[in-house]
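**Student:** This is the structure I have questions about; it appears just below.
The values are calculated or read from the model by the stated rules, or taken from the named source; none is laboratory data. Just so it is clear, the model here is predicted, and its values are computed rather than measured. Note that each Cβ is placed from the backbone with ideal geometry, even for glycine, and that neighbours are counted across all protein chains shown. Surface accessibility is based on the protein's heavy atoms, side chains included, excluding ligands, DNA and RNA. Shrake-Rupley method; radii C 1.70, N 1.55, O 1.52, S 1.80 Å.
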Amino acid sequence: LEFRRVLFRSVTDAIDDVLSTVDYLKANGYTKIGLFGSGFGGMAAICAAARLSDLRLLVLRSPVVNYEEKYRDVEGQEFLEYWKKKGVRPHENSSHLRHVFYEDATQYNGYE
C-alpha cells in the first residue's frame, strides 16, 4: 500500500495512521512489512518503526527528524513567537500549518 500527499494535522496523527495501516496489513495476512518515509513521512516512519518489533525494512529519504531543531535553527526564535501569536503560518505547499502542529511535533525526536 502506498500513501502520498496526505495532509496530517500532527505528527501524532501520522504515526497513528502508519501503525493502524500496519495493523490492517497484519490482520490481512501480510508478514513482511516495511516502511518508506520522506520528509514529514520520514519522521512518522521512524517513530512508528520504534514501536514495531517485527518490521522488516525502514527506508528514509531526507527525513525531518527533529522539528523543534528545524524551526528554531532555520526560522529563528522570533519567527516561532510570531507563529505562536498568529496561530498559523503559510507553508511551502500553499496550505497553512497551525501552531498546534509545531507543539505536537516537539514531542518527537527521530534521533532518539
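**Student:** What does the accessible area per residue of the chain come to in Å², with a 1.4 Å probe and no ligands, DNA or RNA counted?
**Tutor:** I get 69 Å² per residue for this part.
**Student:** Of F40, T106, T21, which is farthest towards the positive pole of the chain's charge dipole, taken about the Cα centre with +1 and -1 on the beta-carbons of Lys, Arg and Asp, Glu respectively?
**Tutor:** The residue sitting most towards the positive pole is T21.
**Student:** Sticking with this structure for a sec: In terms of Cα to Cα distance under 21 Å, which lysines are near enough to K86, apart from those fewer than 8 places away along the same chain?
**Tutor:** K70
**Student:** Along its three principal axes, how long is the chain when you only count alpha carbons? Whole Å, largest extent first please.
**Tutor:** 49, 25, 20
**Student:** Also: Ignoring ligands, DNA and RNA, please state the percent of accessible area on the chain from carbon and sulfur, probe 1.4 Å.
**Tutor:** Whole-percent figure for carbon plus sulfur exposure: 49.
**Student:** Relative to the Cα centre, what is the charge dipole magnitude of the chain, using +1 at the beta carbon of each Lys and Arg, -1 at the beta carbon of each Asp and Glu, and rounding to the nearest 20 debye?
**Tutor:** 300
**Student:** Looking only at S38, S53, S62, which one moves most when the chain is put into a Gaussian network model with springs between Cα atoms under 10 Å?
**Tutor:** Of S38, S53, S62, the Gaussian network model singles out S53 as fluctuating most.
**Student:** Starting from the 7 Å offset along Cα-to-Cβ, what nm value, one decimal, do you get for the label separation of L57 and F79?
**Tutor:** Modelled inter-label distance: 3.5 nm.
**Student:** Taking the Cβ-Cβ separation of Y111 and K32 as r and a Förster radius of 25 Å, what is the calculated FRET efficiency to the nearest 0.05?
**Tutor:** 0.35
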